[in-house]
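Take a look at the structure below.
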Amino acid sequence: MNNSLSLTESEKNKILEEWTNTQTDYPKDSTIHELFQIQAAKTPQAVAIVYENTEITYQELNEKSNQLAYFLQQNGVKKETLVGFYLDRSPDVIVTMLAILKAGGTYLPLDTTIPTERLKVILDEAKTPILITSKTYLN
């Protein structure tokens, strides 16, 4: 078989080595939400999330997650408090995860497609003191 698309060694190296060299060293003593805040401070107007027809900047995402984190702390979330969230896939999920981490809690993502009875069992077994959801699911 004649392969008319063969690559030179230089081209192979560029594709396999140079273009895929994405390794980055991160501070070992920083948490994911701390690294996020550093990035938000460096590039506040850069787009952090694109979802459907919506773009959210790092600054907007940081501000929204800080507001929710403060609310969570005011409502008893502290180090290692388990906080469940029952949300459709959207930027709200990212805001919520960051907020829970910033408040010191741990998060329990819950699948919105599971039956209500199963959801109740999961919440009872996990002893989740706080559940974040949307108006859609307040039945």
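The values are calculated or read from the model by the stated rules, or taken from the named source; none is laboratory data. None of the values given here were measured: they were computed from a predicted structure. Don't worry about glycine lacking a Cβ; one is built from the backbone with ideal geometry, like all the others, and counts go over all protein chains shown.
Restricting attention to region 15-69, the residues that are closer than 17 Å to ILE94 by Cβ and among the aromatic types (Phe, Trp, Tyr) total 3.
Restricting ILE122, ILE94, ILE130 to residues that are surrounded by 13 or more Cβ atoms within 10 Å (Cβ to Cβ), farther than 22 Å from ALA48 by Cβ and touching a residue at least 40 places away in the same chain (Cβ under 8 Å) narrows the list to ILE130. Could you list, in sequence order, all residues of region 1-45 that are out of contact with any helix residue (DSSP H, G or I) (no Cβ under 9 Å at 6 or more places or on another chain), β-branched (Val, Ile, Thr), closer than 23 Å to THR57 by Cα and at pLDDT 85 or above? The one that is out of contact with any helix residue (DSSP H, G or I) (no Cβ under 9 Å at 6 or more places or on another chain), β-branched (Val, Ile, Thr), closer than 23 Å to THR57 by Cα and at pLDDT 85 or above: ILE38. Put simply, of LEU61, LEU101, LEU35 the only residue that is farther than 28 Å from LEU119 by Cα, crowded, with 18+ Cβ neighbours inside 10 Å and not aromatic (Phe, Trp, Tyr) is LEU61. Within region 21-28, can one find any residue that is surrounded by 12 or more Cβ atoms within 10 Å (Cβ to Cβ) and either of a type outside the set (D, E, K, R) or in contact with an Asp or Glu (Cβ under 9 Å, 6 or more places away or on another chain) (or both)? No, every residue in region 21-28 fails to be surrounded by 12 or more Cβ atoms within 10 Å (Cβ to Cβ) and either of a type outside the set (D, E, K, R) or in contact with an Asp or Glu (Cβ under 9 Å, 6 or more places away or on another chain) (or both). Count of region 100-118 residues, restricted to those that are more than 13 Å from ILE130 (Cα to Cα), of a type outside the set (D, E, K, R) and in contact with a helix residue (DSSP H, G or I) (Cβ under 9 Å, 6 or more places away or on another chain), is 4.
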